[in-house]
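The values are calculated or read from the model by the stated rules, or taken from the named source; none is laboratory data. Owing to the predicted nature of the structure, the values given are computational and were not obtained by experimental measurement. Please note: Cβ atoms are built from the backbone with ideal geometry, for glycine as well, and neighbour counts cover all protein chains shown.
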Amino acid sequence: MSVLYDGQPALKDFNLSVTPGETLALVGPSGCGKTTALSLCNAMVRPSAGAVTVDGEDLSQASEGGLRALRARMGFIPQDLGLVPNLRVSQNVLSGRLGKQGLLRSVATAFSTRNPEHERALSILDELGIGEKLFHRVDSLSGGERQRVAIARALYQEADYLIADEPLSALDPARARETITLLTEVARTKELTLLLSMHDIELAREFVPRLVGLRAGSVLFDGASGELSEAELSALYDLEEEDRVG
C-alpha cells in the first residue's frame, strides 16, 4: 500500500494487519507517516495504491453510510484532542454519539440539563477519575484532564476501536506515564483494539506489547516490543533529514 501527497510518498510498501482486541503503537521520528497510517483506518485518508480492509470490508468500496457506521465504531483522539474548549465536559463527552445518533439528537442530548445520558457520561468520567468535572468548561481543565475528557468521549461513543494520535506529546513525563497506563488499562478491561502513535520509545516499549517502527513511510520493524534491538532502534531514529517524509 502507498499514500502520496502532492506526488511525494507519505507511506510506501506499507502493510499492517491488526487483530481485534490488540494493542499496538506506531513509533518513529516526526514525519515518518504515523498520522497518515492511523488516518487510513477510518478512511480519513485514502491509499493511492492498495486497499484498507476493516472487518473484511474494503473501505474503498464502502458507501457513505457504511463509512459513517464504521467511524461511529472508532473512537479517534487527534493530537489536538478535538474538544470544544468553551463547552462543558458533559457536552464534549455526549458529542461522542454524533455518528450513531445524528446531529440533531446529539445536540439535544448534549445541551439538555435533565438528560439521563448525563448519568452515563458521569459514570465514565468517574472511571477516569474526573467525575467531579462533569459540568466544568473544558478550557478550565489541565492538560491531563483534557486528555481524559477526550478518552471519555471515545468510550461514551461505545467504540470497538480506540485510535490515539500522539496522546502523550503535550504532557509532562509523570502525566504521560499516567495517560498511557490509563489508555492501555481501558483497552484491556473493555477489550478494545487500541492503536497509538507515540514519540516516547521508552514508554512504548514498557507499556505496549507490539511496536511498528516507521522510517520514511516504510515499516522498518514490526514485532514484540521486547524484540526491538538497539541496532534496529538506532536505524529507526538515526535518519538523515532528507529521508523524512511529511
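With the range 131-224 as the region, which helices (runs of 4 or more DSSP H) entirely inside it contain at least 3 residues that are within 28 Å of A69 (Cβ to Cβ)?
Values: elements: 143-156, 173-190, 201-207.
Output list reads 143-156, 173-190.
I'd like to know if the range 60-74 contains one or more residues that are modelled with pLDDT of 90 or more, out of contact with any Asp or Glu (no Cβ under 9 Å at 6 or more places or on another chain), among the hydrophobic types (A, V, I, L, M, F, W, C) and not in a helix (DSSP H, G or I).
no
Please give the number of the condition I180 fails out of (1) at pLDDT 90 or above; (2) under 24 Å from E117 (Cβ atoms).
Exception for I180: condition (2).
If you scan the range 22-59, which residues turn out to be outside any strand (DSSP E or B) and loosely packed, with under 14 Cβ neighbours inside 10 Å?
Of the range 22-59, the ones outside any strand (DSSP E or B) are 22, 28-48, 50-52, 55-56, 59.
Listed by number, the residues that qualify are S30, R46, A51, D55, G56.
If you scan the range 229-244, which residues turn out to be at pLDDT below 80, assigned to a loop (DSSP other than H, G, I, E, B) and either over 16 Å from H199 (Cβ atoms) or hydroxyl-bearing (S, T, Y) (or both)?
The one that is at pLDDT below 80, assigned to a loop (DSSP other than H, G, I, E, B) and either over 16 Å from H199 (Cβ atoms) or hydroxyl-bearing (S, T, Y) (or both): E240.
Of (1) modelled with pLDDT under 95; (2) at negative phi; (3) of a type in the set (D, E, K, R), D222 satisfies all except one. Which?
If we test D222 against (1) modelled with pLDDT under 95; (2) at negative phi; (3) of a type in the set (D, E, K, R), just (1) comes out false.
What pairs can you find where one residue is in the range 116-133 and closer than 15 Å to R146 by Cα, the other is of a type in the set (F, W, Y), and their Cβ atoms are less than 8 Å apart, with a gap of 6+ or different chains?
A121/Y156; I124/Y156
Looking at (1) farther than 28 Å from E185 by Cβ; (2) free of Cβ contacts under 8 Å to residues at least 60 places away in the same chain; (3) of a type outside the set (S, T, N, Q); (4) part of a loop (DSSP other than H, G, I, E, B), which is the one condition that is false for F14?
(2) is the only condition that F14 fails.
Hey, S140 hits all of (1) surrounded by 21 or more Cβ atoms within 10 Å (Cβ to Cβ); (2) free of Cβ contacts under 8 Å to residues at least 12 places away in the same chain but one; which does it fall short on?
Among (1) surrounded by 21 or more Cβ atoms within 10 Å (Cβ to Cβ); (2) free of Cβ contacts under 8 Å to residues at least 12 places away in the same chain, S140 violates only (1).
Which of the residues that make up the range 146-169 are closer than 27 Å to P29 by Cα and in contact with a Lys or Arg (Cβ under 7 Å, 6 or more places away or on another chain)?
Correct list: Y161 only.
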